[in-house]
1. Give region 98-116 a look and list any residue that's in contact with a strand residue (DSSP E or B) (Cβ under 9 Å, 6 or more places away or on another chain), among the aliphatic types (A, V, I, L, M) and either in a helix (DSSP H, G or I) or closer than 16 Å to Met33 by Cα (or both), or say none.
2. Among what's in region 143-182 and is of a type in the set (Gly, Ala, Ser), surrounded by 14 or more Cβ atoms within 10 Å (Cβ to Cβ) and modelled with pLDDT of 90 or more, pick the residue that is nearest to Lys87 (Cα to Cα).
3. For region 101-126, which positions are closer than 14 Å to Tyr20 by Cα and either in contact (Cβ under 8 Å) with a residue 24 or more places away in the chain or not basic (Lys, Arg) (or both)?
4. Is it true that some residue in region 78-90 is under 26 Å from Ser168 (Cβ atoms) and touching a Gly at 6+ places or on another chain (Cβ under 7 Å)?
5. Hey, among Val103, Val73, Val95, which residue is at pLDDT 95 or above, farther than 16 Å from Arg164 by Cα and surrounded by 18 or more Cβ atoms within 10 Å (Cβ to Cβ)?
6. Answer yes or no as to whether Ser36 is part of a helix (DSSP H, G or I) and closer than 18 Å to Arg159 by Cα.
7. May I ask you to list the residues in region 55-68 that are touching a Phe, Trp or Tyr at 6+ places or on another chain (Cβ under 9 Å) and either buried (at least 20 other Cβ atoms within 10 Å of the Cβ) or at pLDDT below 95 (or both)?
8. When you scan region 71-79, do you find a residue that is within 13 Å of the chain's Cα centre (by Cα) and assigned to a helix (DSSP H, G or I), even just one?
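The values are calculated or read from the model by the stated rules, or taken from the named source; none is laboratory data. Owing to the predicted nature of the structure, the values given are computational and were not obtained by experimental measurement. Cβ atoms come from the backbone with ideal geometry, glycine included; neighbour counts cover every protein chain shown.
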Amino acid sequence: MVDFLDEKSFRALPENSPFYSVVGRIASAWARMEWSIDMAIWEMANVPHETGACITAQFGGVHSRLRALIALVHLNGLGSFTNELNKFYQDSNEVVLKRNRAVHDAWWVSSPSGTVAQLRLTADKKLDYRFRATSMLEMDEIAAAIKAHDERFTNIWMRLRAARHLASLEKPVGESPSETLG
């Protein structure tokens with residue numbers, strides 16, 4: 001299925017297209033957010049960053065990272081953050097789908113009209129195979145949504161980090177986090 005134009009009317013987007021710049025910003029912003037989550041995992045696991053990186057480098061995406069972080073939050077006796085982290089996890093679905101389409105779809109331009117389009121080719125329970133017109137404004141909005149999502153995580157993480165520090169001050173010396181779980 002082709003959404004709006006015949007496949008023969010498309011050619012590869014020129015290498016100097018400004019769309020590639022925004023795709024790079026989107027990919028980089030997402031990588032920064034995943035790194036922030038990685039650092040939170042390393043700190044909650046109480047391991048050096050290099051050791052933690054050996055583990056989190058094996059994770060395939062944001063959802064596996066967040067599942068690990070939520071488990072560590074529980075292990076550290078900070079379950080009061082679970083609902084907020086679960087909501088962030090759920091809200092990540094829409095953002096990750098937009099990011100994936102922006103980064104992984106092939107970019108094309110219509111020969112007659114100059115319309116920039118992405119070739120959607122996904123099959124999540126239903127085939128989506130079409131050229132889809134995409135604007136620079138839409139791409140900038142995706143970049144902004146990722147930045148806002150990252151800022152939201154950073155806010156959660158800073159409060160979680162502070163709560164963890166306070167909890168460590170209140171624990172008797174020698175008590176491990178797992179002993180507080182009951």
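1. Result: Ala102, single match.
2. Just the residues of region 143-182 that are of a type in the set (Gly, Ala, Ser), to begin with: 143-145, 148, 162-163, 167-168, 174, 176, 178, 182.
Checking the rest, the ones that are also surrounded by 14 or more Cβ atoms within 10 Å (Cβ to Cβ) come to 143, 145, 163, 167.
Then drop every residue that is not modelled with pLDDT of 90 or more, which leaves 143, 145, 163.
Working: Ala143: 21, Ala145: 16, Ala163: 19 Å.
By that ranking, first place goes to Ala145.
3. The answer is Ala102, Val103, His104, Asp105, Ala106, Trp107, Trp108, Val109, Val116, Ala117, Gln118.
4. Within region 78-90 (the criterion being under 26 Å from Ser168 (Cβ atoms) and touching a Gly at 6+ places or on another chain (Cβ under 7 Å)), the answer is no, since none of the residues qualifies.
5. Val95
6. Spelling it out, Ser36 is indeed part of a helix (DSSP H, G or I) and closer than 18 Å to Arg159 by Cα.
7. Residues of region 55-68 touching a Phe, Trp or Tyr at 6+ places or on another chain (Cβ under 9 Å): 55-56, 62-63, 65-68.
Thr56, Val62, Arg65, Leu66, listed by residue number.
8. no
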